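Structure record follows, encoded as structure tokens.
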């Protein structure tokens, strides 16, 4: 998965093909509507005011749509930093945003401000596992004599075996025969790296995912690993390697636990719909223009809010250091007790 996504010149995020929007493979919330970026800007400005200043650091900024909408909402004076590992996407961002944004090559030390990670954690490479003949096996990749890749049952490395055993202890029973899922070994270290960078401020992780008990529930027996190509979702990573997105749902319990263990405070955990509503989405819709533009904006908001669209599938988790007041985004609905 790491090679297919990030290999220099060949991986999905290092190649030159369009990825986002109608001409790409999938649509993110910032691409769908500027309302998303405007709501995030309001939450970021409130956090920066509580801190007495600082900047916004966006991780993996995609096409730059989120930054563009947020900067338009915030007005002059908001400092926006971007950390983008994809050279192709970074070039597109620079063309779109110009000198309104500063680009970084690594996480800054002693950062004060708001870190935004929208649809970043789901692209961290995962390990797949399955239960076959009552034994834990790693789902690896093997090439046949013709050079075609396919799944292979392998002995699990110690780290994966320990992770799955911990999941089984937590659920109170072993996984049944045929159960297949994923483990993200980089998720905890990634959160710890953000905590080490943050001197004071807020980290917002926005992605599709669930608390651990729900993510590894019996009914989710085939996991959440998915591929996206030209707005079609499927489960065959060998079909167009390097040309399609590979992703898996986020274990938000791991995100919260890693952040708290690194000295951060859990601010809250909620649905995207509740977070956006808490940051003024309904007020924005009430002020929308009439006619076709207003109708289009209302349709976009429905996709952001409805449970069957992005409203509940996407979750928002906040971690902070030295922030102080409660955040509006978690005021309407806080699901932290489910973590």
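Put in order of Cβ neighbour count within 10 Å, fewest first, the listed residues 175, 143, 330 become 143, 175, 330.
Normalising the average separation of contacting C-alpha pairs (under 8 angstrom, six or more residues apart) by the number of residues puts the relative contact order of region 128-171 at 28 percent.
For region 144-177, backbone nitrogen atoms closer than 17 Å to the point 7 Å from residue 221 Cα along Cα-to-C-beta are found at 173-177. Give the Debye-formula value of log10 I(q)/I(0) at each listed q (0.10, 0.14, 0.15, 0.18 Å⁻¹), with one equal scatterer per alpha carbon of region 63-213, two decimals each. Values returned for q = 0.10, 0.14, 0.15, 0.18 Å⁻¹ are -0.55, -0.87, -0.93, -1.10. As a rough guide to protection, the peptides 216-225, 98-107 ranked by mean Cβ packing within 10 Å, highest first, stand as 216-225, 98-107. For a test of the definition: using alpha carbon positions, the gyration tensor, and the 1.5 limit on a/c, classify region 163-288 as rounded, prolate or oblate. In terms of gyration-tensor shape, oblate. Here the contact order of region 33-166, divided by its residue count and restricted to Cα pairs under 8 Å and six or more residues apart, works out to 21 percent. May I ask for the Kirkwood hydrodynamic radius of region 128-171, worked out over all distinct Cα pairs and given in angstroms to one decimal? Value: 11.5 Å, from the Cα pair sum. Which angle between 0 and 90 degrees, to the nearest 10, do you get for helix 34-51 versus the longest principal axis of the chain when only C-alpha atoms count? So the inclination is approximately 80 degrees. Against the chain, whose longest principal axis comes from its Cα atoms, helix 187-197 is set at around 40 degrees.
With runs of 4+ DSSP H residues as the only contributors, calculate the mean residue ellipticity of the chain at 222 nm using -39,500 (n - 2.57) per run, divided by the residue total and rounded to the nearest 500. Please report the intermediate quantities before stating the final value.
Numbers: 12 runs with 115 residues, N = 339.
About -10000 deg cm²/dmol.
Angle of helix 65-74 to the longest C-alpha principal axis of the chain, folded into 0 to 90 degrees and rounded to 10: 30°. Within the chain, antiparallel bridges make up roughly 60 percent of the DSSP beta bridges whose residues both belong there.
Using the alpha-carbon centroid of each, what span in Å lies between region 183-209 and region 250-320? One Cα centre to the other: 18 Å. Between residue 282 and residue 153, the contour length at 0.36 nm per residue exceeds the alpha carbon distance by 41.4 nm. Ranked by the mean number of other Cβ atoms within 10 Å of their residues, highest first, the peptides 154-162, 126-134 come out as 126-134, 154-162.
Bear in mind that the values in this text are calculations on the coordinates, not laboratory data. All values reported here derive from a predicted model rather than from experimental measurement. In this analysis, Cβ positions are derived from the backbone assuming ideal geometry, glycine residues included, and neighbour counts consider all displayed protein chains.
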